[in-house]
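Shown next, in structure tokens, is the structure this report addresses.
The values are calculated or read from the model by the stated rules, or taken from the named source; none is laboratory data. This structure is a prediction, so every number in the text was calculated from the model and none was measured. Backbone-built Cβ (ideal geometry, glycine too); neighbour counts: all protein chains shown. These area figures cover heavy atoms from the full protein model, side chains too; ligands, DNA and RNA do not enter into them. Shrake-Rupley method; radii C 1.70, N 1.55, O 1.52, S 1.80 Å.
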Number of protein chains: 2
Amino acid sequence: MTDFGFSIEQERGAARAGVFATPHGAVDTPAFMAVGTLATVKALDPEDLQALGAQMILANAYHLHLRPGDEAIRELGGLHSFMGWDGPILTDSGGFQVFSLEGLRTVSEHGVEFRSHIDGSPHAFTPESVVGIERNLGADVIMQFDHVIPGQSDEAVARDASERSLRWLARCAAEVARLDSEEGPSKQTLFPIVQGGIHASLRQAAARSIRDSGDWVGYGIGGLSVGEAKPDMYRILEVVDSELPRKRPRYLMGVGFPEDLVEGVLRGVDLFDCVAPTRMGRNGAAFTRDGRLNIKRAEFRLDKRPLDDGGGGSACRRFSRAYIRHLFMADEILGLRLLSLHNVHFLVRLMRDARDAIRAGTIDAWSREWLARYLSRPVPTE
Amino acid sequence: MTDFGFSIEQERGAARAGVFATPHGAVDTPAFMAVGTLATVKALDPEDLQALGAQMILANAYHLHLRPGDEAIRELGGLHSFMGWDGPILTDSGGFQVFSLEGLRTVSEHGVEFRSHIDGSPHAFTPESVVGIERNLGADVIMQFDHVIPGQSDEAVARDASERSLRWLARCAAEVARLDSEEGPSKQTLFPIVQGGIHASLRQAAARSIRDSGDWVGYGIGGLSVGEAKPDMYRILEVVDSELPRKRPRYLMGVGFPEDLVEGVLRGVDLFDCVAPTRMGRNGAAFTRDGRLNIKRAEFRLDKRPLDDGGGGSACRRFSRAYIRHLFMADEILGLRLLSLHNVHFLVRLMRDARDAIRAGTIDAWSREWLARYLSRPVPTE
């Protein structure tokens with residue numbers, strides 16, 4: 001825990017530019033973390049991530065528990081060594097995944113029984129077992145096991161899940177302490193997760209309860225971007241921002257559309273993650289400063305321009321839209337790689353630009369202009 | 001044509017170490033050329049190829065004529081610019097591809113009518129039209145349009161195809177001359193292809209006829225590794241070696257198993273190409289100095305060793321067999337990339353090592369030892 005720290009270099013309204021220190025290195029915030037669900041950021045190589053300036057990445061406890069198994073990864077030296085990434089890693093607990101297994105899971109206060117999405121085999125997650133899995137994986141930051149609900153859930157459902165998540169947080173922390181005393185202290189830190197759906201009073205209560213339960217290294221904000229309206233998400237971020245300690249990093253889980261990152265930064269968020277840049281990239285969608293572009297469209301057949309004029313990433317420097325379109329039309333793997341590379345670079349750079357604007361005191365004007373340009377062109381029908 | 005040249009640095013028996021100069025740079029021979037059928041070496045990035053030491057690569061006239069169209073590529077600045085590869089490129093004429101379209105093609109002296117393997121649309125290739133396509137693509141070396149037959153064809157079939165290929169060579173050369181006088185000279189060179197199946201007298205006649213028809217920059221040897229027995233292939237290489245001018249590079253088309261490369265070098269071959277390293281890589285097979293390895297096998301689940309001890313490639317330096325196996329079991333794209341990277345590097349390095357051995361005068365002992373080790377372990381049942 002002493003290997004972790006957060007220093008704020010500059011604040012401007014709720015937005016802040018900081019540095020999050022971890023045992024595997026520092027992360028300049030605000031930052032976007034690419035998602036390597038199965039210990040690989042899909043279609044990319046760790047060398048690519050390093051080259052494009054990614055500092056911290058994610059992996060997923062649910063998926064790695066099923067394949068190849070968290071004990072296998074422990075035996076192979078832990079996630080950093082296994083996947084060839086020496087920088088900071090965060091593991092999500094798998095809460096989101098097991099609660100998405102509608103019809104394949106049973107929830108109780110004890111935990112969740114579920115069937116594997118791969119082969120239907122039975123499994124059970126408890127706060128304690130998930131901490132054990134995340135310890136085996138060995139990421140720097142491990143997320144608590146939480147109860148995730150759909151974005152439009154009513155207040156009773158949201159309260160039940162939020163309060164259960166708080167009780168599970170205590171059990172996660174107790175299990176960390178038990179393992180620390182049994183095996184010696186790990187170099188990991190546990191992040192709590194603020195839940196409560198789109199209900200301000202629940203979010204407020206959850207944030208206060210977590211804040212009062214200890215001085216956490218950082219705070220997760222979960223259960224957003226799961227089907228609720230965008231204004232609801234922005235409103236909840238403002239509520240949570242005012243309740244969480246400002247001196248710690250806040251991590252908005254699963255949020256990765258460019259406009260949401262900018263709106264999140266303006267509301268005091270420091271860390272983001274999402275599969276969007278790689279998943280959309282594999283489907284042929286590229287982020288550009290003028291909005292989203294579908295590279296498969298016929299209009300790009302002879303287009304010599306890069307994906308994003310002045311984008312500056314490896315794909316933009318080297319290849320035309322026409323070439324990348326050809327790769328997609330011919331089902332070539334390099335196409336998946338280039339758009340994934342481009343989109344991850346786009347978000348990493350977006351957060352670097354936001355950071356520079358906060359430090360320069362220009363974040364308000366910068367974000368207004370950025371959003372106006374990005375949202376000015378309607379997303380083409382795909 | 002003046003931009004091309006071949007200098008032999010050292011000979012040892014039939015084997016030679018040389019340098020093949022092209023308008024886009026020099027190639028140290030013997031060399032393996034990776035195949036980028038659709039203007040991309042599958043699962044790899046041009047930067048990868050450069051980093052692993054590949055100097056010259058292939059693309060395919062048949063495939064690129066269908067997608068995205070050779071005229072589109074010409075409009076986009078030619079293959080080098082289109083695919084982001086500034087080194088030497090060779091295009092195969094598509095003879096192998098159209099003759100593989102059994103049931104979808106009609107052959108006459110004029111050329112071949114065929115239906116696209118993608119959408120069944122009708123097309124026709126003639127020696128003249130193929131030269132036009134290859135000129136649009138703009139590779140450094142363009143291969144003649146030839147008549148390719150199965151490896152076990154009888155002498156009558158083989159004679160007919162071989163003699164037609166010779167007549168088509170003359171038509172290709174005439175078309176190059178016509179276009180040169182019409183549009184100005186291109187910076188391309190046309191390679192003839194020696195055909196004749198496994199019939200020594202036909203190969204001899206074809207090689208002599210080609211040799212007598214002009215002083216070609218280099219010579220293709222086609223129609224091998226297409227189903228014939230390996231001893232037949234090696235015997236034919238010896239026949240062809242003794243008939244072709246020694247001062248020019250010889251290119252053995254479509255041959256890419258490690259043992260065949262070594263046997264080819266010993267018989268005077270300078271250039272090789274094959275889809276084997278990338279296709280086998282995508283199927284989970286890795287070349288190692290001890291033979292082939294199927295990474296999906298359960299025995300590699302916890303194997304911390306690199307694919308090939310001392311292999312020295314980017315995949316071996318960074319990842320364990322256990323990790324790469326995990327990627328394959330989880331259908332992750334990085335697995336396809338890493339084994340493709342590994343296998344192409346393996347062949348590029350194999351040819352570099354052979355070159356060093358020729359220059360050091362140790363090629364006989366080196367190749368004996370190399371083959372003994374590579375062939376000592378039976379290929380596991382997959």
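Of note:
- Whole-number D in µm² s⁻¹ for the range A:258-316, Kirkwood Cα-pair radius fed into Stokes-Einstein, 37 °C, 0.692 mPa s: 249
- For B:Asp146, nonlocal amide neighbours, meaning residues 5 or more places apart or on other chains whose placed amide H falls under 5 Å from its own, are B:Gly95.
- Cα gyration tensor, the range B:68-186 - rounded (a/c under 1.5), prolate or oblate: prolate
- Scaled to the globular estimate 2.2 N^0.38 Å, the Cα spread of the range A:110-152, given as radius of gyration, is 1.33.
- Filtered trypsin sites (Lys or Arg not before Pro), the range A:86-164: DSSP coil and at most 16 other beta carbons within 10 Å: none
- Cα-derived Rg to Rh of the range A:173-231, Kirkwood definition: 1.10
- Within 10 Å of the Cβ of each residue in A:319-330, the mean number of Cβ atoms contributed by other protein chains is 5.
- Sequence-ordered 3J(HN,Hα) estimates for the range B:140-154 from the Karplus curve with 6.51, -1.76 and 1.60 and θ = phi - 60° stand at 6, 10, 10, 8, 5, 7, 10, 9, 9, 10, x, x, 9, 4, 6 Hz, glycine and proline given as x.
- The chain B residue nearest the rotation axis shared with chain A, using its Cβ and rounding the distance to whole Å, is B:Ile333, 3.
- Accessible area of A:Glu71 in the full protein assembly, 1.4 Å probe (Å², nearest 10): 130
- Per-residue SASA entry for A:His63, accessible area with 1.4 Å probe, Å² rounded to 10: 40
- Rg to Rh quotient for the range B:243-382, alpha carbon positions, Kirkwood Rh: 1.01
- Rounded, prolate or oblate (a/c below 1.5 giving rounded, otherwise prolate when a/b exceeds b/c) for the range A:1-157 by Cα gyration tensor: oblate
- Shape call, the range A:117-183: gyration tensor on alpha carbons, a/c limit 1.5: oblate
- Sequence-distant contacts, meaning Cα pairs under 8 Å at least 6 residues apart, place the relative contact order of chain B at 18 percent.
- In this assembly of identical copies, the label point of B:Glu47 (Cα plus 7 Å along Cα-to-Cβ) is separated from its counterparts by 0.9 nm, sorted shortest first.
- A Förster radius of 60 Å combined with the Cβ-Cβ distance from B:Asp154 to B:Leu302 puts the calculated FRET efficiency at roughly 0.70.
- The shape of the protein assembly as shown can be summarised by an equivalent ellipsoid whose semi-axes, obtained from the alpha carbon gyration tensor, come to 57, 29, 22 Å from longest to shortest.
- For the range A:84-103 and the range A:121-188, distance of Cα centres in Å: 11
- Sorted shortest first, the distances from the A:Ser116 label point to those of the same residue in the other copies are 4.3 nm; each point sits 7 Å from Cα along Cα-to-Cβ.
- Semi-axes of the equivalent ellipsoid for the range B:1-59, Cα gyration tensor, largest first, Å: 24, 14, 10
- Distances between copies at A:Arg368, taken between label points 7 Å from Cα along the C-beta direction, are 8.3 nm in increasing order.
- Between the range A:217-270 and the range B:43-63, the Cα center-to-center distance that results, in Å: 44
- The average projected area of the range B:303-373, computed from the convex hull of its Cα atoms over all directions, is 5.1 nm².
- Computed over chain A, the Cα gyration tensor eigenvalues convert (square root of 5λ each) into semi-axes of 33, 24, 21 Å, ordered from largest to smallest.
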